[in-house]
Every structure is written in structure tokens, then in C-alpha cells.
1. Looking at the stretch 1-17, which of its residues are among the charged types (D, E, K, R) and under 26 Å from the mean Cα position of the chain (by Cα)?
2. For the stretch 108-123, state whether one or more residues are in contact (Cβ under 8 Å) with a residue 60 or more places away in the chain and not in a loop (DSSP other than H, G, I, E, B).
3. Would you point out the residue of the stretch 204-217, among those that are touching a residue at least 24 places away in the same chain (Cβ under 8 Å) and closer than 16 Å to Arg164 by Cβ, that is most open to solvent (accessible area, probe 1.4 Å)?
4. Within the set of pairs 6+ apart or on separate chains, which have a first residue in the stretch 62-89 that is touching a residue at least 40 places away in the same chain (Cβ under 8 Å) and within 16 Å of Val132 (Cβ to Cβ), a second that is aromatic (Phe, Trp, Tyr) and outside any helix (DSSP H, G or I), and C-beta atoms under 8 Å apart?
5. What is the residue count in the stretch 47-80 for residues that are modelled with pLDDT of 50 or more, of a type in the set (S, T, N, Q) and surrounded by 12 or more Cβ atoms within 10 Å (Cβ to Cβ)?
6. Being at pLDDT below 90 and in a loop (DSSP other than H, G, I, E, B) is the requirement here; does Leu199 meet it?
7. Confirm whether Leu242 is in contact with a His (Cβ under 7 Å, 6 or more places away or on another chain), touching a residue at least 24 places away in the same chain (Cβ under 8 Å) and open to solvent by less than 30 Å² (accessible area, probe 1.4 Å).
8. Based on this model, can you work out whether Ile30 counts as more than 16 Å from Gly163 (Cα to Cα) and either modelled with pLDDT of 80 or more or in contact with a helix residue (DSSP H, G or I) (Cβ under 7 Å, 6 or more places away or on another chain) (or both)?
Amino acid sequence: MSQCKVCRAESGLFLCSRHIKYLEDGLGEIPWLTSELQVTITKRDRLHQVVGHSDQDTRSVINFGASRLHSDVEILLADWVSRLVHDNGLQFLPKYKVPHDFIGPLLLHWSRLPRGYTPTPTRMSRWLAHHVNTAAMREDAGDLYREIIGLTGDPDKPQGYPGRLVAAINRRTKLFAGPCPTPIGYGEQGEEIACAIPLYAVDGQEVVTCKRCRHEVDVQENRQQALKTRDLMTEAQLLETLDTLDEHVPRVTFYEWLKDKQVYVHGYLHEGGIVPKKIRNSDPRVFSLAQVRVLRWQAMQEKVAS
């Protein structure tokens, strides 16, 4: 008896029936998602509103990040098709199709492929979905599952990251979600040392996974906790947190406060901890969020009074 490579449940294959279904569904979503990604690549959702642009302007309107993602998806699918063809003895043919040079009578509803048939993400994902049970027999089935779910979103974590394809299509904004609070050790006095890696979540995401410690963190709760217990932040974290709180402070204004010594440098961030003096040249300065919020409030009051 094998174990599911995703949930460790006992199964006759390397994926349980639930995760085989999730994999099949994920592969089934790829044709539509890659079609929508093409719109994102060329930004046709915006181009139809543009009037009077030259051909040169139109050619420059390309989302190169989305284009690279489309290539990554194509390479990923081609790799898995190749594995199943070479390792499992399958032929890369759509359902009810035979090669164009097949000689002999055909079964009812079967037909020959057109000459020059080439693989596309749609064709490859549909073929993999059709052979999903064969894929589940492989010891590396967990790798296929994680790679496909990484593109389409994890059904086991519906409030988590939406998947690379979905995120690229929706182009949702990433926001600072506070430092990771997960304890990873203890200091000389026995105090807990937190992971403290800055976390970011797309707009509307409820849970984020830390890249260092792999701990899942509640986005809203961690943001609130960061405000209460982690007052010191780097400049980038500080300004992003203020934006998250709808208390935007322009960078130019922040620099003016710093120049006028209304904002003080409270230390430097070094290897996840705050130190009073810079140890490495790359150690960023940290500032008090509470202090900047008070300055902003005072500036707003003065503006209203005037």
C-alpha cells in the first residue's frame, strides 16, 4: 500500500483519489488560464481603449513577465508529457485520434490527426488530464501535483496564494503583511527569537506561507500584531504598512522629516535582529512606525487648521 505524496493518506497509487481529482481539475483549468494569460501578455484588455497610438506604441505594450510565465508553463507541460511518453509507453495523441500516417480501418468516432499537428499548452494539459491515473502511478506524482497546483491555486488552501497563472491574470497588488512571527530559537536570556522575514500577500489573500520557515500566517492578524508589538521597521516596510493602513506618507515627506530630525533612526536590521550600530554596509535603517503615524496626524491637523 502506497501513501499519497500530498496528504500521506494510504492509497493504491502515489496520489489519493481526492488529490487525483484536484490534479485533473487543475489541468482542466490550464487551457482557459493560458488563453487569458495571452490577453495579459499583449494587454489587449487595455489596448481596445487606446486611440491614436502608432504601430510602434502598440508593439511596445507587452507584459514580459506574463510572457515568461507562458513559456514556463509550456516547458513544464512538455516535460511531463515527455516523461509519460518515454517512461510509461504512452503516445501523445488526443482522445479518439491516430497518427496521420496510420494505415488501416478506424474505429467508430475515431479519426486521423491532421499533418503537422503540434503540441500547445491546451493540448498537453488536456492529454495529461486524460492520463492523470497513469501519472498517479509514478513516484514523482507529488512533483507534478505541486507544479500544476502552483499554477492554478491549491484547493486544500482556498484562502491561500491563488496560483501563478491566476495571480498574473488578476495582477493583484502585493502588500506588506508584517514580519513572520514564528519562533525559530531562543536568545541568551531565554527569550524567543522570531523568524522575522518580511511577509507579503496579494490583495484579499487571507493566509501567507513564510518562504524561510514554511509557517502559515494569518495576514490580517499578523498585520495587527505587527502594529502592536513590532514598532521598528525598515523604510520600505514602514511606508508599505502606512499604505496598508490608508495613511499614505510620500517618500519625499518622510525624507524631509528625517532631514529635520523629526524622525530618528532607531537602529539597523542585521540578520533578523535590530542592532544599534550598522554591522554591514547593507544593513537597512529602522524607524518607529508609531512616531511616523504621530507626525502624519500632526501634519494633517495643521493642514486642516490652515
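The values are calculated or read from the model by the stated rules, or taken from the named source; none is laboratory data. A quick note: this is a predicted structure, and the numbers were derived from the prediction, not measured. Heads up, the Cβs are rebuilt from the backbone with ideal geometry, glycines too, and the neighbour counts pull from every protein chain shown. Please note that ligands, DNA and RNA were not included when accessible areas were found on the heavy atoms of the full protein model with its side chains. Shrake-Rupley method; radii C 1.70, N 1.55, O 1.52, S 1.80 Å.
1. Matches in the stretch 1-17: Lys5, Arg8.
2. Scanning the stretch 108-123 turns up at least one residue that is in contact (Cβ under 8 Å) with a residue 60 or more places away in the chain and not in a loop (DSSP other than H, G, I, E, B).
3. Across the stretch 204-217, the extreme among qualifying residues is Thr209.
4. Val81/Phe92
5. Narrowing the stretch 47-80 to residues modelled with pLDDT of 50 or more: 61-80.
Now narrow it down to the ones that are of a type in the set (S, T, N, Q): 63, 67, 71.
Within this subset, residues satisfying the condition of being surrounded by 12 or more Cβ atoms within 10 Å (Cβ to Cβ) are 63, 67.
Total meeting the criteria: 2.
6. Values: at pLDDT below 90: yes; in a loop (DSSP other than H, G, I, E, B): no.
So Leu199 fails the test.
7. When the stated conditions are applied, Leu242 passes them.
8. No.
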